[in-house]
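A quick write-up on the structure given underneath.
The values are calculated or read from the model by the stated rules, or taken from the named source; none is laboratory data. Just so we're clear, the structure is a prediction, and the values are computed from it rather than from any experiment. Backbone-built Cβ (ideal geometry, glycine too); neighbour counts: all protein chains shown.
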């Protein structure tokens with residue numbers, strides 16, 4: 001699964017699919033000319049429109065980043081479900097708010113994330129642009145599966161991306177709003193009064209979960 005592949009009809013499914021995108025790398029010097037900064041330098045919340053190739057129209061994803069990309073949270077616009085990625089702990093937490101349950105696991109092949117860039121890719125500068133009212137640098141990105149283009153701010157926020165992702169699938173994403181400001185640590189933890197459960201299905205490569213009903217069919221720990 002990848003950022004451009006949707007395994008279920010719900011936005012939670014989209015958020016879960018997103019957790020299996022390109023490999024997260026450590027943030028690099030923003031002044032580097034060989035590649036853009038690989039993760040945000042400051043706490044920031046971005047509302048993205050995300051459109052896999054075969055979807056008739058984009059869907060929203062609300063993404064909160066901690067500085068340097070150590071932690072990230074993806075929410076559907078109705079806040080029915082959340083995906084939390086914790087890089088230092090190498091943990092993915094999936095939350096369903098209506099059911100007040102969550103599950104947490106360590107991906108077998110490492111934590112992955114489409115909203116940060118990957119040093120395994122090759123980058124070529126391609127001018128400048130503006131998305132959501134912010135200036136960004138355009139990059140042509142080449143991977144083993146093909147090419148994509150992205151526009152990334154100097155401080156490491158991906159504002160737009162289109163083309164082939166790390167799994168060879170096509171799609172695009174574009175920031176609608178970008179809001180800098182502290183993101184509370186509690187946003188990257190499951191609520192204390194939610195029940196932790198164990199999913200009754202194998203975890204695919206990269207830590208994604210197939211379908212939107214993964215946790216609803218799970219049994220309590």
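Would you call residue 42 in contact with a strand residue (DSSP E or B) (Cβ under 7 Å, 6 or more places away or on another chain), within 20 Å of residue 184 (Cβ to Cβ) and surrounded by fewer than 17 Cβ atoms within 10 Å (Cβ to Cβ)?
Taking the combined requirement at face value, the residue satisfies it.
Say whether the condition of being more than 16 Å from residue 175 (Cα to Cα), in contact with a strand residue (DSSP E or B) (Cβ under 8 Å, 6 or more places away or on another chain), assigned to a loop (DSSP other than H, G, I, E, B) and at pLDDT below 90 is met by at least one residue in region 65-77.
Checking region 65-77: at least one residue is more than 16 Å from residue 175 (Cα to Cα), in contact with a strand residue (DSSP E or B) (Cβ under 8 Å, 6 or more places away or on another chain), assigned to a loop (DSSP other than H, G, I, E, B) and at pLDDT below 90.
Taking the residues in region 90-108 that are part of a loop (DSSP other than H, G, I, E, B), over 12 Å from residue 194 (Cα atoms) and in contact with a strand residue (DSSP E or B) (Cβ under 9 Å, 6 or more places away or on another chain) as candidates, determine which candidate is modelled with the highest pLDDT.
As a first pass, look at region 90-108 and keep what is part of a loop (DSSP other than H, G, I, E, B): 90, 97-100, 106-108.
From what's left, over 12 Å from residue 194 (Cα atoms): 90, 106-108.
The next check asks that each one be in contact with a strand residue (DSSP E or B) (Cβ under 9 Å, 6 or more places away or on another chain); those that pass are 106-107.
Details: 106: 86, 107: 79.
Out of the qualifying residues, it is 106.
Out of all the residues in region 134-146, which are modelled with pLDDT of 95 or more and exposed (fewer than 14 other Cβ atoms within 10 Å of the Cβ)?
135, the sole residue that qualifies.
Looking only at region 63-106, how many residues end up being surrounded by fewer than 20 Cβ atoms within 10 Å (Cβ to Cβ) and under 12 Å from residue 47 (Cα atoms)?
The number of residues fulfilling the criteria is 1.
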